[in-house]
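The values are calculated or read from the model by the stated rules, or taken from the named source; none is laboratory data. Keep in mind that what you see is a predicted model, and the values were worked out from it rather than measured. So basically every Cβ, Gly included, is an ideal-geometry build from the backbone, and we count neighbours across all protein chains shown. Quick note on the areas: whole protein, heavy atoms, side chains included, nothing else; ligands and nucleic acids left out. Shrake-Rupley method; radii C 1.70, N 1.55, O 1.52, S 1.80 Å.
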Amino acid sequence: MTRKKRRRSFTLALAFCLAVAWLGSAIAQTASPADLISNYRVKNGEGRVTADPVLNRIALQQANAMAARDLLDHAALAPLSSRVAGVPSGGARRIAENLAGAYADFPRTLDQWIESPGHRSNLLMHDGLRVGVASAKSPKTGRTYWAMEIAGDYETTRKPGTKNKPGAQEECSLQMGSICLN
């Protein structure tokens, strides 16, 4: 093989490798946050999560509040418990929140959370089924703020006047901790 052919082969091989690397990066950038979180969860023995419109709205409200104040803070809008109390996801058995303010893109934000033990624990919430992710940019500094809400299953409640099927577990109309009030 002549030197010219070797150089051409090397150039083509290098171009191919760069194209594959770029394509992989482009695919990762087009995956939704819920997909990226799900992929990480599956690699770590947990189930997939789906995007939840209610949790997306809660995340967006939190991201907007942080961006408006240019402040990374779980209570920028209000404490999480009060933010979810009046919405359907307030009935989630468990809900957690991750915040970030270092990167403009989600893949690097997710990597930041993965490297933090507390944030990683939230990402891998055992009973996590739904997720909401949003970002907002500070008008003052241009900094991007991220919020992620992850929740387990919703509590089930029985409508007044309905009866359970024989042998079915009784559902509560009001539950306080482990106490069921009907």
Estimate the FRET efficiency between R108 and R3 by the formula 1/(1 + (r/R0)^6), using the beta-carbon distance for r and 41 Å for R0, to the nearest 0.05. 0.50
I'd like the accessible area for I95, computed on protein heavy atoms only with a 1.4 Å probe and all protein chains in place. Round to 10 Å², please. 40 Å²
Heavy-atom accessible area ranking, 1.4 Å probe, most first, across T2, T144, T30: T30, T2, T144
If R0 is 30 Å, what FRET efficiency do you get for S32 and A75 from their C-beta distance, rounded to 0.05? 0.60
Roughly how much of S121 is accessible, in Å² to the nearest 10, using a 1.4 Å probe? 60 Å²
Note, ³J(HN,Hα) from phi for segment 59-66, Karplus 6.51, -1.76, 1.60, rounded to Hz, x at Gly and Pro: 5, 5, 4, 5, 4, 4, 5, 5
